[in-house]
1. For segment 143-152, in order, what is each residue's ³J(HN,Hα) by Karplus, 6.51 cos²θ - 1.76 cosθ + 1.60 with θ = phi - 60°, in whole Hz (x at glycine and Pro)?
2. Dipole of the chain (Lys/Arg Cβ +1, Asp/Glu Cβ -1, origin at the Cα centre): which of Ser29, Cys197, Asn265 lies farthest to the positive side?
3. Taking Lys136 as the anchor, which lysines have their alpha carbon closer than 16 Å to its alpha carbon, excluding any fewer than eight residues away along the same chain?
4. Based on the mean of other beta carbon atoms within 10 Å per residue, what is the order of 193-200, 63-70, most packed first?
5. Computed from the mean reciprocal separation of all distinct C-alpha pairs, what Kirkwood hydrodynamic radius does the chain have, in Å?
Amino acid sequence: MKIKVTLILTLAALLLVPASSVFSQEKMSMDEYKVQLAASQKTEADNAARVAALETENADLRKQIEETQAQIDTVWAEVYAMLGVDKAAVDSYREELDSIGSKLDELSGLSAEDLLDRKAEIADLKKRLAEAKGSKIAILTEFEKKIAELEAKFAALDTKLMGVYDQYTVVKGDYLWKIAKKPDIYGDAYQWIRIYCVNRDQISNPDRIEPDQILNIQRTLGQNQYLVAKGDYLKKIAGNADVLGDPTQWTKLYEANKDIISNPNTIYPWQVLSVPKN
């Protein structure tokens, strides 16, 4: 009987102590929750206030931007009016320059040999740029910069097109006639004068070359060059549409090639003439 009473009292003690402890823990957790909830509510309220302030600030900025853009549009409208054009014309002008630029970027990746095959295309692009430069729109700062960039790209292509050469090292006993006749050079002795023309910076006398001289052997004509053919004369060459397009301009050809033309009435096949730019 005594054991039974002791067991009952022990079980009661075990049941009462955890209940009291759990209640105490639940009460503390609720207090902590309330504190955290209050802090979260304050943070949310502060963030909402910041968001509202930022939205107001953004709205003010958007309004300022719209007002500024309106002022800019008004100024550009006045500029366009002075030039006698409108925004559509300016946009079209920009597209034309961008189109020329894209084409030049494509051509810049080609070899000199491939570029020579597309000289007509390059000439057409130059013509388009020249026409664009003649527009009143070209004076706008944006386009002055674009045009300068395009001209730099054309200059790079022109440099690349100065000529495609192989090189030949002179050996003892060589002379220009003999070199030109070699099968791997021109296979034609009469083309000696071509070797002389493209190497006149290092050949003062075509009858005298020295061993170990390195000569350029031209394989394709460079930009602004003309290879004299049988029956040519300066007036005829100047009248060629791909040269100067005006026979009366033959004197320009003569002046540009005095170093290889001693008499303007006498030129020879295979001479390489420099064509002055208009």
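Any read-out appearing in this document is the output of simple, stated calculations on the displayed coordinates, not a laboratory observation. Predicted, not measured: the structure shown is a model, and the values here were computed from it. Here the Cβ is made from the backbone with ideal geometry for all residues, glycine too, and neighbour counts use every protein chain on show.
1. Once θ is set to phi - 60°, the couplings for segment 143-152 become 7, 4, 5, 4, 5, 4, 5, 5, 5, 5 Hz.
2. Cys197
3. Lys87, Lys145, Lys146
4. The most tightly packed comes first, giving 193-200, 63-70.
5. Mean inverse Cα-Cα distance, inverted, gives 27.3 Å.
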